[in-house]
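A.B. asks: Let me give you the structure first, and then I'll get to my questions.
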Amino acid sequence: MLNKLLRLERPLGILDLETSGLNANSDRIIQIALTIHYPDRDPIAWCSLVNPGIPITNQGSHKITDGDVADAPTFKVIAPALAPKMINIDLSGHNAEKFDVPFLKAEMIRAGVVWDWKGHVIDTLVICRLKNAHTLENSFKHYVDPKGFEGSHDAGNDVSAT
């Protein structure tokens, strides 16, 4: 569907992360969701909780607890399979340029995985700010459904809304 709407020439990954805090150097990913839209086939969606190996200190925007991620794989376990799927794609997400992509790069480095990504970023937050809407929820209400959507700050729900 998105491949026809945008006339994709290469895959476009819609990405969202939830993290243990806001600093990519010291905090960790605790949930990652990615839907890759392809020019010539159906999209593939994936979402996983991630055990950060450190306490979750940023619970203001999401509801994920230390207990929720206790049995989840670490990013170091996920990264070797994830990185090759994200090489030749462009990425989109809400605040992806300043938050999600730098966070993902920092996690790949910590995991010891080479992620030689050189794609483009389509940041919906930048687009929204141009239109005076500053949240994913406001953008969704404005462009998709005036009733909004439930479950924001869950990476899977945020990717679907994006």
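The values are calculated or read from the model by the stated rules, or taken from the named source; none is laboratory data. None of these values were measured; they are calculated from a predicted model. Glycine gets a Cβ as well: all are built from the backbone with ideal geometry, and neighbour counts include every protein chain shown. What goes into the accessible areas is simple: the full protein's heavy atoms, side chains included, and nothing from ligands, DNA or RNA. Shrake-Rupley method; radii C 1.70, N 1.55, O 1.52, S 1.80 Å.
A.B. asks: With a 1.4 Å probe and all protein chains kept in place, how much accessible area does Met86 have, in Å² rounded to the nearest 10?
C.D. replies: Counting only protein heavy atoms, Met86 exposes about 0 Å² to solvent.
A.B. asks: Magnitude of the Cβ-charge dipole of the chain, K/R +1 and D/E -1, about the Cα centre, nearest 20 debye?
C.D. replies: That gives the chain a dipole magnitude of about 420 debye.
A.B. asks: Determine the order of Lys63, Lys105, Lys131 by accessible area, beginning with the largest, at a probe radius of 1.4 Å.
C.D. replies: From most exposed to least exposed: Lys63, Lys131, Lys105.
A.B. asks: Among Arg7, Arg110, what's the order by accessible area (1.4 angstrom probe), most exposed first?
C.D. replies: Ranking Arg7, Arg110 by accessible area, largest first, yields Arg7, Arg110.
A.B. asks: Of all accessible surface on the chain at a 1.4 Å probe, what whole percent is carbon and sulfur?
C.D. replies: 54
A.B. asks: May I ask you to list the GluC sites (Glu not before Pro) in region 56-162 that are in a DSSP loop and have at most 10 other Cβ atoms within 10 Å of their Cβ? List each step's numbers first, then the result.
C.D. replies: Details: sites: Glu97, Glu107, Glu137, Glu150; in loops: Glu150.
Passing sites in region 56-162 are Glu150.
A.B. asks: Would you list Thr19, Thr74, Thr124, Thr57 from the most to the least accessible area, probe 1.4 Å? All intermediate terms of the calculation are to be shown ahead of the outcome.
C.D. replies: Working: Thr19 5, Thr74 60, Thr124 30, Thr57 110 Å².
My answer, sorted largest first, is Thr57, Thr74, Thr124, Thr19.
A.B. asks: If you don't mind, another one. Of Ile14, Leu130, Ile56, which is farthest towards the positive pole of the chain's charge dipole, taken about the Cα centre with +1 and -1 on the beta-carbons of Lys, Arg and Asp, Glu respectively?
C.D. replies: Projecting each Cα onto the dipole axis, the largest value belongs to Leu130.
A.B. asks: Right, another one. So if I take the alpha carbon set of the chain, get Rg, then get Rh from the Kirkwood formula, what is the Rg over Rh ratio?
C.D. replies: Working: Rg = 15.4 Å, Rh = 16.2 Å.
Ratio value, two decimals: 0.95.
A.B. asks: Along the three principal axes, how long is region 3-69 when you take its alpha carbons, biggest first, rounded to the nearest angstrom?
C.D. replies: Between the extreme Cα coordinates on each principal axis of region 3-69 lie 42, 21, 19 Å.
A.B. asks: From the helices alone, meaning DSSP H stretches of at least four residues, give me the mean residue ellipticity at 222 nm for the chain, per-run term -39500 (n - 2.57), in deg cm²/dmol to the nearest 500.
C.D. replies: Theoretical 222 nm ellipticity from helices: -8500 deg cm²/dmol.
A.B. asks: Still on this structure, please answer the following. Quote the charge dipole size of region 55-123 about the Cα centre in Debye, to the nearest 20; the model charges only the Cβ of Lys and Arg (+1) and of Asp and Glu (-1).
C.D. replies: 160
A.B. asks: If I ignore ligands, DNA and RNA and count only protein heavy atoms, how much of Phe140 is accessible to a 1.4 Å probe, in Å² to the nearest 10?
C.D. replies: 30
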